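The values are calculated or read from the model by the stated rules, or taken from the named source; none is laboratory data. Bear in mind that the values here come from a model prediction, so they are computed numbers and not experimental data. Methodologically, a virtual Cβ is constructed for each residue, glycine included, from the backbone with ideal geometry; neighbour enumeration extends over all protein chains shown. With ligands, DNA and RNA removed, areas are computed over all heavy atoms of the protein, side chains included. Shrake-Rupley method; radii C 1.70, N 1.55, O 1.52, S 1.80 Å.
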Amino acid sequence: MLAADPGASIASIAAEAGVDRRTVYRRFANREDLLVAIYEARLTAIEHAIEDARLREAPVAVALHRYVENIIAVNRTWPVDLTRMLADDSVHARRDASIHEVDTFLQRATDEGLLRTGLPDGWASALLPQLMHLVSRQLPELSPGQAADVVVDTLLNGLGAS
């Protein structure tokens with residue numbers, strides 16, 4: 001709901017969840033606390049997705065597909081944008097650590113010949129999240145694994161080494 005309408009009220013969120021708004025207020029003192037919990041859950045899910053993909057030790061192609069599949073599942077489960085929470089230093093630091101981990105992996109993918117060299121700095125790092133976002137939203141009928149196939153194929157055919 002919050003992805004579709006960031007201004008959704010606690011009452012409408014509670015109704016959508018099938019509970020009374022008092023139930024929501026028993027867990028969260030206010031709307032901001034609810035939002036913080038949602039953003040924290042998304043960030044934690046992203047961190048778990050990165051860890052599960054084994055970006056540092058798994059074969060590059062395997063790690064890439066697993067990472068993309070995991071992040072598509074996160075995007076579909078927690079379709080909220082973290083930018084609102086970036087004023088919080090701990091959220092910003094956790095997000096930056098995740099980005100660094102993926103950027104390091106994408107450099108490894110380039111070094112190992114999966115992605116071609118000579119592209120502008122940050123090109124793959126900017127393109128990959130956009131592809132995952134697009135497939136998460138525009139191809140909801142695909143499982144996360146099938147959606148990852150589309151993203152990885154698109155990335156590698158557009159950026160793959162010749």
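Within the bounds of region 124-135, is there any residue that is out of contact with any Ser or Thr (no Cβ under 9 Å at 6 or more places or on another chain), of a type in the set (Ser, Thr, Tyr) and open to solvent by 80 Å² or more (accessible area, probe 1.4 Å)?
no
Out of Val74, Val80, Val19, Val68, report the one residue that is aliphatic (A, V, I, L, M) and over 19 Å from Leu134 (Cα atoms). Step through it out loud before you land on a result.
Values: Val74 fails: over 19 Å from Leu134 (Cα atoms); Val80 fails: over 19 Å from Leu134 (Cα atoms); Val68 fails: over 19 Å from Leu134 (Cα atoms).
That would be Val19, the only listed residue that is aliphatic (A, V, I, L, M) and over 19 Å from Leu134 (Cα atoms).
Give the residue, chosen from Ala63, Ala15, Ala45, that is surrounded by fewer than 16 Cβ atoms within 10 Å (Cβ to Cβ) and aliphatic (A, V, I, L, M). Spell out the reasoning first.
Values: Ala63 fails: surrounded by fewer than 16 Cβ atoms within 10 Å (Cβ to Cβ); Ala45 fails: surrounded by fewer than 16 Cβ atoms within 10 Å (Cβ to Cβ).
The match here is Ala15.
State whether one or more residues within region 27-36 are within 21 Å of Ala124 (Cβ to Cβ) and within 18 Å of the chain's Cα centre (by Cα). Spell out how you get there, then give the answer.
Start the filter on region 27-36 by keeping residues that are within 21 Å of Ala124 (Cβ to Cβ), which leaves none.
Scanning region 27-36 turns up no residue that is within 21 Å of Ala124 (Cβ to Cβ) and within 18 Å of the chain's Cα centre (by Cα).
Residues of region 138-150 being touching a residue at least 24 places away in the same chain (Cβ under 8 Å) and either surrounded by 13 or more Cβ atoms within 10 Å (Cβ to Cβ) or part of a helix (DSSP H, G or I) (or both), which ones? Steps first, answer last, please.
Keep residues of region 138-150 that are touching a residue at least 24 places away in the same chain (Cβ under 8 Å), which gives 140, 144-145, 147-149.
Scanning region 138-150 gives Pro144, Gly145, Ala147, Ala148, Asp149.
Checking the structure you have, find out if any residue of region 79-94 is open to solvent by less than 80 Å² (accessible area, probe 1.4 Å), charged (D, E, K, R) and free of Cβ contacts under 8 Å to residues at least 60 places away in the same chain.
Yes, there is a match, as at least one residue in region 79-94 is open to solvent by less than 80 Å² (accessible area, probe 1.4 Å), charged (D, E, K, R) and free of Cβ contacts under 8 Å to residues at least 60 places away in the same chain.
Answer with yes or no whether Thr154 is closer than 18 Å to Ala53 by Cα and either in a strand (DSSP E or B) or of a type in the set (S, T, N, Q) (or both).
Working: closer than 18 Å to Ala53 by Cα: no; either in a strand (DSSP E or B) or of a type in the set (S, T, N, Q) (or both): yes.
So Thr154 fails the test.
I'd like to check something: does region 152-161 contain any residue that is under 27 Å from Ala3 (Cα atoms), open to solvent by 60 Å² or more (accessible area, probe 1.4 Å), of a type outside the set (A, V, I, L, M, F, W, C) and in contact (Cβ under 8 Å) with a residue 60 or more places away in the chain?
The initial filter retains those residues of region 152-161 that are under 27 Å from Ala3 (Cα atoms), namely 152, 154-155.
After this cut, where a residue has to be open to solvent by 60 Å² or more (accessible area, probe 1.4 Å) as well, the list is 154.
With of a type outside the set (A, V, I, L, M, F, W, C) added as a condition, the list becomes 154.
Narrowing the set further to residues that are in contact (Cβ under 8 Å) with a residue 60 or more places away in the chain leaves none.
No, region 152-161 contains no residue that is under 27 Å from Ala3 (Cα atoms), open to solvent by 60 Å² or more (accessible area, probe 1.4 Å), of a type outside the set (A, V, I, L, M, F, W, C) and in contact (Cβ under 8 Å) with a residue 60 or more places away in the chain.
Picking from Glu51, Glu32, which residue would you name as being open to solvent by 70 Å² or more (accessible area, probe 1.4 Å) and modelled with pLDDT of 95 or more?
Working: Glu32 fails: modelled with pLDDT of 95 or more.
Being open to solvent by 70 Å² or more (accessible area, probe 1.4 Å) and modelled with pLDDT of 95 or more holds for just one of Glu51, Glu32, which is Glu51.
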